[in-house]
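Take a look at the structure set out below.
Every number here is computed from the coordinates shown, using simple stated rules; none is lab data. Since the structure is predicted, the reported quantities are computational estimates derived from the model, not experimental observations. Cβ placement follows ideal geometry from the backbone for every residue including glycine, while neighbour counts extend to all protein chains displayed.
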């Protein structure tokens, strides 16, 4: 894809450490994290073996760990047993390696990786490829964009607005960097902090960075904005969305939306996210009306696309498709519009026609996994199994290096017909409070998605 690459969370390689170079406290914390995980919770024997190996290796005594010593210390064998006739240590060590692999497949971003190489009973400790914080990502963006450095606060804000209106993860990250720079140049401005909060809420929906990191910064910016401007529309909209999607508190969401309505600021920044909140009680008509008025703020460059999204929310998928097909050719580089078109096709059970728009969206946007996972789902339900499996493997490999939305992994599994795996990854998404789990009832992938979604009681028709 042409253009300057946007820095994304670090994918640095792991550095193996065989002695106590990794601080002991970090190793101890990691061992506790593993012990409390679902993978190890019911494997007491394997966990005892892990504790023994890790504790000895962490203090530099791992070389002395032999099968005989482990049989005595962990499995309670008498001193006169014959290791040749006792394979339990080797069997349990293999189980332990498999359990560790399973654990790190679900927790790839842990700060320390504990492994036990085959042929030995000594643990190695590896610095994990822990994700950079949101602050680091935005700081990298500011450093890499010379234009931001020379802009006045007002120019930064105007640029941020244009980026926000092109509602994609790449542009939202750039929007956040502009807002942050403007806020640094003009501290105490609710305008900059409010748009930053709403941009972060949008990134939470796209789920491209760890949810807790984004939500914490979003709340901080929203509160700063409201401390200066109690009726700041973008800040109120962002808090409404977090209340619904992150806290699962519809009453709190309604309170913020009520404040937004009473504020009468004339700004429509919150209409899109507010429309999603309105769906929590099945208020699709109200949501569509809210969205229809959003074009003066979000996606102002093309209100037709916003109107098409409104039609989709209201269940008028044919009308949405007709509108999108008329405007997308004139704005072919807007990935979100292509994704909306593919989603409308899926909602009408026309997955073959969804493949093209999803493929175009995935090609245009390389940050986040929403678009490529939608393509993987479409491949799966149209019988293009190998291509769907290829996308799934790509996402699984990526999840070893950086944060990947678990809803997206679940989506591809469900497209391939693996409902059990889909449900498992939805459970992980629930633990992480994924930004898109809250909108699962809006997903067009109803036929196979429903069985997995029902694990959370989502009211999705089969």
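Neighbour counts of other Cβ atoms within 10 Å put 257, 200, 352 in the fewest-to-most order 352, 257, 200.
Extension gain, residue 316 to residue 24: 0.36 nm times the residue separation minus the Cα-Cα distance gives 99.2 nm. Remark: spin-label model distance residue 43-residue 261 equals 5.2 nm, labels positioned 7 Å along the Cα→Cβ axis. With R₀ fixed at 22 Å, the C-beta to C-beta distance from residue 73 to residue 105 puts the FRET efficiency at about 0.15.
Can you tell me, using C-alpha contacts under 8 Å and at least 6 residues apart, the relative contact order of region 168-259 as a whole percent? Normalised by residue count, the contact order of region 168-259 is 25 percent.
For residue 350 and residue 331, the difference between the fully extended length at 0.36 nm per residue and the C-alpha to C-alpha distance is 4.5 nm. Applying 0.36 nm per residue to the separation of residue 88 and residue 430 and subtracting their alpha-carbon distance, the gain on full extension is 119.4 nm. The calculated FRET efficiency for residue 212 paired with residue 155, based on their beta-carbon distance and R0 = 35 Å, is about 0.60. Average 1/r across all pairs of distinct alpha carbons in region 294-439, invert it, and you get the Kirkwood radius: 15.7 Å.
Cβ crowding within 10 Å, taken as a proxy for footprinting-reagent exposure, orders 336, 206 from fewest neighbours to most as 336, 206. Each of 367, 305 has some number of other Cβ atoms within 10 Å of its Cβ, and from fewest to most they run 367, 305.
Put a dot 7 Å past each Cα toward the Cβ at residue 248 and residue 385; how far apart are the dots in nm? If labels sit at residue 385 and residue 248, their model points lie 3.5 nm apart.
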